[in-house]
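Computed from the coordinates by the stated procedures, all read-outs in this text should not be read as laboratory data. This one's a predicted model, so the numbers in the text were calculated from it and none came from an experiment. No Cβ is skipped: glycine too gets one built from the backbone with ideal geometry, and neighbour counts run over all protein chains shown.
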Amino acid sequence: MQSRALLCQNLRVSFYPPAINERFRSPANGGIAADANAAGTSASFVCGSFVAFSLRICESSGLIEKARFQTNGCGYMIVAADVLSGWLGKLPLADLHGLSEIELTSVITAELGELPPAREHCATVVFEALRIAMSDYRTSRLEEFQGEKALICTCFGVAEETVVKAITENHFTDVDEVSDICRAGSGCGSCRMLIAELIESAEQPPDITLAPRELGT
């Protein structure tokens, strides 16, 4: 006869669909990446669970050499993080395509199928943790950068003046338009918000302050 603890465990696991249940039992990418140079953590306001990513990225080649995760979440969160970690392994930053919600979701659903609506937040937390990890990597790269020109995109080494020139000469109003021209923002995506700010600044009319008229004129 099964013990009560084992019986409860089996009942709990049986709530998961087969694709989730199989991977939940033995995730391949759990833990902490050795010599990680990027890390990010996010938590869910729905269930209170967290996901933490640690990544080892080769700075010379831009290749993600290793991706690992930690979480105290449910089977859906564990498996979503495991699938995404496996996808990241040996992937160039240039192939991240800005970490768009659509692409990240397609990676998850290709392995697991559609997540139930009540569990979609599990994947959302995983995506956010990854974006935070890439933002952490960008920050560290900027701190190491010794060039004379302000660097916007660390994935492709695109300077601010290149981005501003592309925006002003082409009257761009969307980040993807900038990415198509100079690739900035099409890698890890952590600079996309900054590019959006540059677009917004370019759209602002210049602040022209008229000098007060002299008396008697």
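For S201, S42, S179, what's the fewest-to-most ordering of other Cβ within 10 Å of each Cβ?
S201, S42, S179
Need one number: the % of Cα-Cα pairs in the chain sitting beyond the 33 Å mark.
Within the chain, distances greater than 33 Å cover 30 percent of Cα pairs.
Near K66, which aspartates and glutamates are there with a Cα under 19 Å away, not counting those fewer than 8 places off in the same chain?
Output for K66: D35, D82, D95, E128, D136.
Eigenvalues of the Cα gyration tensor times 5, then square-rooted: what semi-axes does that give for region 91-188, in whole angstrom, largest first?
Equivalent ellipsoid semi-axes, largest first: 30, 17, 10 Å.
For I32 and L142, FRET efficiency with R0 = 41 Å and r from the beta-carbon atoms, rounded to 0.05?
It comes to 0.95.
What is the Cα radius of gyration of region 12-137 over 2.2 N^0.38 Å, N being its residue count?
Taking the Cα Rg and dividing by 2.2 N^0.38 Å, one obtains 0.99.
Only bridges whose two residues both fall in the chain count here: according to DSSP, what percent of them are antiparallel, nearest 5?
Given both bridge residues lie in the chain, the antiparallel proportion sits at roughly 95 percent.
For region 145-203, what log10 I(q)/I(0) values come out of the Debye formula at q = 0.13, 0.18, 0.20, 0.28 1/Å, with one point per alpha carbon and no solvent?
The calculated log intensity ratios at q = 0.13, 0.18, 0.20, 0.28 Å⁻¹ are -0.26, -0.50, -0.62, -1.20.
Helix 101-112 versus the longest principal axis of the chain: what is the Cα-based angle in degrees, 0 to 90, to the nearest 10?
Result, in degrees: 10.
In sequence order, what are the phi-derived ³J(HN,Hα) couplings for region 126-135 according to the Karplus relation 6.51 cos²θ - 1.76 cosθ + 1.60 with θ = phi - 60°, rounded to whole Hz, with x for glycine and proline?
Per-residue couplings from phi come out as 4, 4, 5, 4, 5, 5, 5, 4, 5, 5 Hz.
Give a residue-ordered list of calculated ³J(HN,Hα) values for region 156-164 (Karplus: 6.51 cos²θ - 1.76 cosθ + 1.60, θ = phi - 60°; whole Hz; x for Gly, Pro).
Here the 3J(HN,Hα) series is 10, x, 8, 7, 4, 5, 5, 5, 4 Hz.
Non-local amide H neighbours of K66 (under 5 Å, H modeled in plane, Pro and chain starts lacking H): which ones?
Amide H to amide H, under 5 Å and 5 or more residues apart or across chains, K66 pairs with R56, K90.
I need I132, I181, I64 ordered by Cβ neighbour count within 10 Å, fewest first.
I181, I132, I64
Does anyone have the angle between helix 4-13 and the longest principal axis of the chain? Alpha-carbon axes, 0 to 90°, nearest 10?
40 degrees
Fewest first, what order do H97, H171, H121 take by the number of other Cβ atoms within 10 Å?
H171, H97, H121
Before rounding to the nearest 500, sum -39500 (n - 2.57) across all DSSP H runs of length at least 4 in the chain and divide by the residue total; then give [θ] at 222 nm in deg cm²/dmol.
The helix-only estimate for the chain comes to -14500 deg cm²/dmol at 222 nm.
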